[in-house]
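See structure below.
What follows draws every value from the coordinates through simple rules; no lab data is involved. This structure is a prediction, so every number in the text was calculated from the model and none was measured. As a convention, Cβ positions derive from the backbone with ideal geometry for all residues, glycine included, and neighbour counts pool all protein chains shown.
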Amino acid sequence: MKHIHYLYTLLFAVAALLFFALVYPHHLHYQEQYQLFLFDSAYVGDIIRQPGGVADLLGRFSTQFFLFAWVGAAIIALLLAAIQLLMLGGRPRALRLPVPPILYGLTFVPSLLLWLFLLDENALMGGLWAVLLLLLVVRAFISLPKKRWMQGAMLIIAIPLLYWTASPTGHYYRYPAESPWLLWAAMLSAIVIPIALHLFRRWNIAEHSSHLLPLTSYLLICAVMGPLIWKNANLKAERVMHYDFMARYQQWNRILETINREKPNNQIGVTVQNLALGMHGLLVDHLFDYHQNGLHGLLPDVGTDAISPLPTAEAFYQLGMVSIAQRTVFEAQEAILDFQKSARCYKRLAETNLISGQYKVAHKYLSALKKTLFYSQWASETMALLGNEEAIAKHPEYGRLRKMAYREDFYFGDHVTPEMLESLYLSNRDNHLAYQYLMAYYMLTGDRDRYNNFMHKIEKQ
C-alpha cells in the first residue's frame, strides 16, 4: 500500500488520455494544423530568444505530434501526470506520503487547472511546459539546504532563468494580447501549493489510516473538478472540427456515414455535407433530405477568420476553382490569431501553385514542408512533379483539377455566382461536381429563369 498514491496518478493519466483521444481528438488536430514546426535553426532561434521561449518551443514541438490524436493525448496525459508528481515531491517512506495525506488531493490542482485550460481551442501547449519548468525550479529551491546564501543565490539564478524559459508573458495562448486566468491560476498554484505542503509536511497521521485519507482527498478533488471539466468541454466545437477534419482528408464515405447518424446544423457541417454528397453524385437527388442553410451551406461567403474558410476552400478546390481556393487558403492562414503559419495551408498552397503551373512558388512551400517531421516525405515526392507536365497530367488529382480549371480570367467578388459555376461546367462537361452545385444553386434560390437560360446554353453547344 505504500505506493498506492502512484496508482491514483496512473488513473488520472489514463482519464486524461481517454478524454483527449476519444472526446477531444479533433481539438488536437485543430491545434496541429495551425502551426508549422520547422527543424530549422533560424526558426528555433526566433522562438527561443523570446521571453518564455523554451516553453513555447517545447509546446510547438509536442503539438506537431497532435496529427495523431492518440499520440497527442498521450503527450498531454504524461505532462499532466509529471506535473502532479512534481507537486507531490519526495519519496515514500514506510506507509507515509511525502505530503500530509489529508492534503494529497491538492497535488492534482495545477494539472486539473491545466486540463481546464486545454479545453479552450486557443490554449497552446507552451502553457503546460511553462508550469512544468516552473515546478522544477520550485522543487530545486525547496530541496536546497536551509542556508540563506544558497537560497539567495538560487533566487538570483532562478529569476532570469524562469523569465527566459517560462515567462508569464510567453506565447501560451492564440490571442497574443490575452492571458487566460486558468493558466495564471495553474502557475500560482504550482508555486504556492508545493511550498505550503512542504511547510505542513510534519503533520502526522496514524499509519493504519494513511492510505484512506489520500484516497478521500483524491476523490474529493475529482468530484469537484470532474464535472467542471465536462461542463466546460466545448463538444459543439468538437463536432464542427470533426467535419472539418474529414473534409481535410477527403473522407467522403465517412462524412456520409456521419450525416446519416446526425444531421449537421452548422455552416461548416452543412458545407462539408454538401461537398461529400456532390463527390458521390448525390447532391441534386438528396439535397433536401438533409438540413440546408440556404446558399450559406453550399458555397458560403469567405469569412475573415482562420477556421470557416477552409471547408469552403476545399469545395472550391474540388470544383476546379483552384485560384479561388488558393486565395481563400492564403487569407485563412494570414488570419491565424498568433501569426503562425499552418502546415495544412502550406500543403494546399503548394498543391494549388503546382496545378496552376506556378512552380517557383510551389517550391517555396514544399521546401518549408521538407523541414517538418510528418510532411517531409510528401513534400519530397511532390517536388519531383515540379515542371513535369506529363507526370502532373497523369496524376489522378492534380491532372483532373488542371483540366477543370477556368479557361478565362474573371473578377471574383465576395461570393460565388451562378455564372462562375456555369462557366466551369460549360468549359468541361466532365466536371459533374460543378453541374451538381449549379443545380443545387438553382434549387435553393428557386431561380427558374436563370435555370432555363442555362439549359438553352447547353442545347446550343
Nearest-ten-degree value, helix 148-166 long axis tilted from longest Cα axis of the chain
10 degrees
Ranked packing of 360-371, 267-278, most packed first, by mean Cβ within 10 Å
267-278, 360-371
Within segment 45-137, list the trypsin sites (Lys or Arg not before Pro) lying in a DSSP loop whose Cβ has at most 12 other Cβ atoms in a 10 Å radius.
R49
Nearest-20 debye value, the chain charge dipole, Cβ charges on Lys, Arg, Asp, Glu:
2160 debye
On the Cα set of segment 346-456, report Rg and Dmax in Å, please.
17.6, 54
For segment 1-62: rounded, prolate or oblate by the Cα gyration tensor [a/c cutoff 1.5]:
oblate
Dipole size in debye (nearest 20) for segment 164-312 around its Cα centre, Lys and Arg Cβ +1, Asp and Glu Cβ -1?
500 debye
Tell me, what is the Rg over Rh of the chain, with Rh the Kirkwood radius over Cα pairs?
1.09
Tell me which of G52, H242, A362 sits at the most positive position along the dipole axis of the chain, charges placed on C-beta atoms (Lys, Arg +1; Asp, Glu -1).
G52
Can you tell me the dipole magnitude for segment 4-233 around its Cα centre, using point charges on the Cβ only (Lys, Arg +1; Asp, Glu -1), in Debye to the nearest 20?
1080 debye
Please give the calculated 222 nm ellipticity per residue for the chain, where each DSSP H segment of at least 4 residues contributes -39500 (n - 2.57) and the sum is spread over every residue; nearest 500 deg cm²/dmol?
-20000 deg cm²/dmol
Going toward the positive end of the dipole of the chain, with +1 on Lys and Arg Cβ and -1 on Asp and Glu Cβ, which of A166, I102, L386 do you reach last?
I102
Shape of segment 237-460, Cα gyration tensor, a/c cut at 1.5:
oblate
Can you bin segment 4-233 into rounded, prolate or oblate? Criterion: square roots of the alpha carbon gyration tensor eigenvalues sorted a ≥ b ≥ c, rounded for a/c under 1.5, prolate for a/b above b/c, oblate for the rest.
oblate
Take every Cα pair under 8 Å in the chain that's 6+ residues apart, average their separations, divide by the length, and report that relative contact order as a whole percent.
16 percent
Sorted by packing (mean other beta-carbon atoms within 10 Å per residue), highest first, where do 253-266, 100-113 land?
100-113, 253-266
Any chance you could run the full-extension gain for V192 through K460? It's 0.36 nm times the residue separation minus the Cα-Cα distance, nm to one decimal.
88.5 nm
For peptides 392-401, 228-237, 166-175, 212-221, sequence by mean Cβ density within 10 Å, most packed first
166-175, 212-221, 392-401, 228-237
